[in-house]
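The values are calculated or read from the model by the stated rules, or taken from the named source; none is laboratory data. Remember, it's a predicted structure, so these values are computed and weren't measured experimentally. Glycine gets a Cβ as well: all are built from the backbone with ideal geometry, and neighbour counts include every protein chain shown.
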């Protein structure tokens with residue numbers, strides 16, 4: 001950066017005011033033109049290397065572009081200038097969580113909450129980090145490969161692998177069992193911990209297997225999900241960056257969503273179309289840095305902590321999927337007794353849909369993939 005400043009002085013070119021560059025960069029970020037925005041921020045920081053806003057915006061753009069190492073550097077520069085900056089503490093904590101440094105993550109989040117107690121995103125991530133620390137502390141010294149019991153599971157013939165584990169990452173059954181099993185188990189536990197926290201924040205209860213979801217019409221089955229969405233309106237209490245309310249009676253098939261796509265750059269419209277799927281009760285679009293792009297959620301669900309967890313879960317799926325030999329992450333489902341959360345990955349963030357227990361995975365996945373294709377085509381290049 002020092003050589004860039006010297007070169008600028010040598011060239012003697014007339015520069016725009018730093019504030020104007022930042023405003024242009026912010027507008028480009030809001031439009032999803034992240035590379036161009038990052039270039040303007042770099043130019044602004046050449047002229048004003050002590051700009052907290054500039055380094056914070058640079059960090060956010062690096063997170064969106066999945067450039068974690070550069071994001072760490074920018075967050076650290078912010079904290080060197082302003083040690084209690086809440087977004088920098090939260091962002092660096094997310095990086096530490098992503099890198100598996102759970103203790104460092106907890107320390108940063110505790111610093112943020114000590115200065116800003118009313119910080120829902122930090123509190124949500126701290127619950128996850130503490131859960132992972134407890135898991136690590138209670139990890140049993142010995143594990144069993146469980147191969148003697150694998151035959152009792154009656155796995156489907158097409159199943160290539162199976163892994164059953166306890167919450168403390170102790171392997172119960174692994175088929176096949178190999179040198180990577182313990183590492184894969186630890187990653188799966190982390191994924192399950194973040195997913196459980198997200199389901200809880202969505203009001204859907206803890207993570208369960210799909211067979212635990214009560215069948216429609218079962219005697220005594222709870223029906224907690226038919227809740228009105230939070231209305232989008234001006235004034236106090238309106239959700240941040242919300243989308244227009246979708247009438248509950250205006251439902252649409254997955255085929256209709258896929259064949260009548262909204263403009264892929266209008267993510268609010270994309271979300272509104274997806275909310276017309278059968279038995280979907282809410283959703284949001286969240287940037288990779290955890291900021292809400294669009295949201296339409298049940299009244300009791302807070303968008304900010306849910307978005308922080310959704311971004312962490314999406315990033316974990318992006319990173320761990322290939323390491324779990326599952327390829328890239330396009331869509332995923334996490335089920336609980338009270339419903340399911342469906343995730344889809346796009347170049348500009350993650351789409352999260354909340355569904356009733358009756359929501360059909362194949363139908364939702366079909367609609368979600370159609371929407372993801374629309375977004376990918378719109379943002380290509």
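Working only within region 293-305, note down all residues that are touching a strand residue (DSSP E or B) at 6+ places or on another chain (Cβ under 6 Å) and buried (at least 20 other Cβ atoms within 10 Å of the Cβ).
Correct list: 293, 294, 295, 296, 297, 303.
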Problem set entry | Options 283, 290; residue that is in contact with a helix residue (DSSP H, G or I) (Cβ under 7 Å, 6 or more places away or on another chain) and at pLDDT 95 or above | 283
For this session: Read through the list (1) within 18 Å of the chain's Cα centre (by Cα); (2) under 16 Å from residue 200 (Cβ atoms); (3) at pLDDT below 90, then give the number of the only condition that residue 321 fails.
Result: (2)
